[in-house]
Amino acid sequence: MKASAFAAGSAAIAPLLAACGGDDEEEDEETPAADVPTVAATTAGGGSDSTPGSDASPAAGTATQATTSEPTEASGSSGSGSGGSLIHVRTSDSDSLDPQRTIAGASWFVFSNIFDTLVGKNVDLEFEPLIAETFEISDDGLTYTFVIRDGMLFHDGTPVTAEAVKFTFDRATDPESPAQATSFISAYASSELVDETTVVLTLSEPSAPFMSNIAVAYFGILSPAGVEMHGDDFGKNPVGSGPWIFEEWLEGEQITLLPNPDYTNYRSYVENKGAPLADELLFRVIPEAGTQIAAMETGEANHIALPKAEVRNFEGNDDFTLFFAEGGTNINYVEFAMEAAEVGDEPVFLPPFDDLLVRQAVAHAINAEEIIEGVLEGLADRNFGFMPTGIFAYDPAIEEFGYAYDADRANELLDEAGWTMSGDVREKDGEPLELIMWAYADPTLERVVQVIQSQLAEVGITINLEVLEIGTMIARLPENAHNLDVIGVGWPEADILQIMNDLAWGVGQYKPTDYVDAITAARQTNDLDERKALYFEAQQLALEDVMAIPLWTDLAVIMTGANVQGFKTGPEFINVWVDAWVES
């Protein structure tokens, strides 16, 4: 290991969805260091109230403007140098590069390099202007005024204007075709143009996470001309204003991005304020873990979200550099098939999980600590609740209400539910307790679910594993053609509980009034202590009902080849590509 860098947080959903539990990626141009349901969508290490992770949004009544140093000439961060191909290798391909038409982390990981947002975050997780030159929030927290920088261009040569900002948010909230992530900004009501460079976003109610959520690339500013030109194919021909320009997509194989030669970088944590230093940024799909590692060893690839099982093999190897996250903004869990529900409906779990005793039994039968140590190499935080450990609202006291491993108790609960042993498998009314569990294709996650399969077999539950590509799995989860699944959701804000509640399957169908009221109230106050208490209350309710079984918050590990110069991780463990280049 040539060097080891420790950064605060691991952004998950990316995706938002999925890669949270495994080893694919996360977000940003700077992209999060590990791809993960943009559900991986995704933190502050330690998450104190004084520096509340991504929840450092300004309180209502405060006008806040971050400042940045003026851009300087492009410069490398490890001495002068430029050129070469940055090649990230990953398990799954993207499904769309239109930020408004996907919530998959594998897509977020790419398009976050193409699209810039109005604001970003600095290393202290304070907001700083990007496309916006200044921003101001009204005393009542209902209007956000942004003044757009002069002279910025989209990749198609058209200007970045206040009108483009309005177009982006209107398109995202179009009731005929809303963005998949539109619920993240549910308080957004309208936008108004003041002049060519000034736009006002108006909310229907105060929203504590609004600023943090629009700082994520799902709300990157789109080129109106690009959307008009490409129509439904915009996801295959994305046009933004970010540091990298879309060049080519060989589906199932590789996506190629090229440096934006006209780019000015306003992020405070980058050294290179101009165009990216490398010649190209490639996202290469290699499904097999062993082949990915071989590609790193031969130099065919030079960047990877390292599978946990490989960490020991590369620590101390001078041919590679490892970067470790401290804390995470993701939560990995087992969830159950549920009927579709509206807010206020009592949750309906599908058999056999319509019996609370069976849900409790499965929760006690899974030994998460064994998996963390044996599969994840200790690179995860055991989490008994649904709030990621790297977010300010995390409270370790939630363990009291969670489900520790206790196989004896699991057996007692199954007996009480009427599922009795018949040989090695339990049965009830002549039906065996044989279930289908889904997981997405990821080398580490596949090992995880194999261990869970073995643990549940010890209490008489037979699990048939089915592994799907993440895009296919997300699309099919609402079908309920399975009994339970293992998935992760990542988001760098305590609003992650609301985001999970808006999913179209599983935990997204858990909508009893008391739970929804708690997470809704938490969105509407800027008092951090009050938000934390409300989220704790919501988690207590969800755990009492076993909404799902929380397992851990994943801690990402990134590895680069030693010939990659200037690469680093930024706030929330994002990949900082613009400073990097490859030594020939």
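The values are calculated or read from the model by the stated rules, or taken from the named source; none is laboratory data. This is a predicted model, so every value here is computed, not measured. Don't worry about glycine lacking a Cβ; one is built from the backbone with ideal geometry, like all the others, and counts go over all protein chains shown.
For the range 426-479, the candidate set comprises residues that are aliphatic (A, V, I, L, M) and surrounded by fewer than 16 Cβ atoms within 10 Å (Cβ to Cβ); within that set, the residue that is farthest from ARG409 (Cα to Cα) is ALA475. The single condition from (1) closer than 20 Å to THR91 by Cβ; (2) assigned to a loop (DSSP other than H, G, I, E, B); (3) not basic (Lys, Arg) that GLN292 fails is (2). For the range 120-141, a residue qualifies if it is over 16 Å from THR264 (Cβ atoms) and within 21 Å of the chain's Cα centre (by Cα), and the qualifying residues are LYS121, ASN122, VAL123, ASP124, LEU125, GLU126, PHE127.
This table checks each residue for (1) assigned by TED's automatic domain parsing to the domain that holds PRO276; (2) in contact with a strand residue (DSSP E or B) (Cβ under 9 Å, 6 or more places away or on another chain); (3) under 23 Å from PRO259 (Cα atoms).
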site	(1), (2), (3)
ARG523	no, no, no
PHE536	no, no, no
LEU543	no, yes, no
ASP579	no, yes, yes
SER584	no, no, yes
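Filter the range 516-545 for residues that are of a type in the set (Phe, Trp, Tyr) and either part of a strand (DSSP E or B) or crowded, with 23+ Cβ neighbours inside 10 Å (or both) and give the result. Listed by number, the list holds a single entry, TYR535.
Among VAL582, VAL564, VAL557, VAL578, which is in contact with a Pro (Cβ under 8 Å, 6 or more places away or on another chain) and under 27 Å from SER85 (Cα atoms)?
From the options VAL582, VAL564, VAL557, VAL578, the qualifying one is VAL578.
Would you call THR560 modelled with pLDDT of 95 or more, outside any helix (DSSP H, G or I) and of a type in the set (Ser, Thr, Tyr)? Break it down into steps so the answer makes sense when it comes.
On the way: modelled with pLDDT of 95 or more: yes; outside any helix (DSSP H, G or I): yes; of a type in the set (Ser, Thr, Tyr): yes.
Considered against the rule, which asks whether it is modelled with pLDDT of 95 or more, outside any helix (DSSP H, G or I) and of a type in the set (Ser, Thr, Tyr), THR560 comes out as yes.
Candidates in the range 480-495 are the residues that are within 16 Å of GLN524 (Cβ to Cβ) and of a type outside the set (Gly, Ala, Ser); of these, the one that is surrounded by the most Cβ atoms within 10 Å (Cβ to Cβ) is GLU493.
Of everything in the range 225-240, what is surrounded by 18 or more Cβ atoms within 10 Å (Cβ to Cβ) and closer than 11 Å to LEU97 by Cβ? Give them in sequence order. Steps first, answer last, please.
We begin by selecting, within the range 225-240, every residue surrounded by 18 or more Cβ atoms within 10 Å (Cβ to Cβ); these are 226-227, 234-235, 238-240.
Selection gives PHE234, GLY235, PRO238, VAL239, GLY240.
If you go through the range 309-340 and pick out every residue that is closer than 30 Å to VAL362 by Cα, touching a Ser or Thr at 6+ places or on another chain (Cβ under 8 Å) and surrounded by fewer than 24 Cβ atoms within 10 Å (Cβ to Cβ), you end up with 1. The listed residues are PHE392, PHE353, and the only one of them that is aromatic (Phe, Trp, Tyr) and within 27 Å of THR462 (Cα to Cα) turns out to be PHE353. Filtered by the rule that a residue be within 22 Å of THR525 (Cα to Cα) and hydrophobic (A, V, I, L, M, F, W, C), the range 185-215 gives ILE185, ALA187, ALA189, VAL200, LEU201, LEU203, ALA208, PHE210, MET211, ILE214, ALA215. If the condition is being of a type in the set (A, V, I, L, M, F, W, C), within 19 Å of GLY231 (Cα to Cα) and touching a strand residue (DSSP E or B) at 6+ places or on another chain (Cβ under 6 Å), then the range 147-189 contributes VAL165, PHE169.
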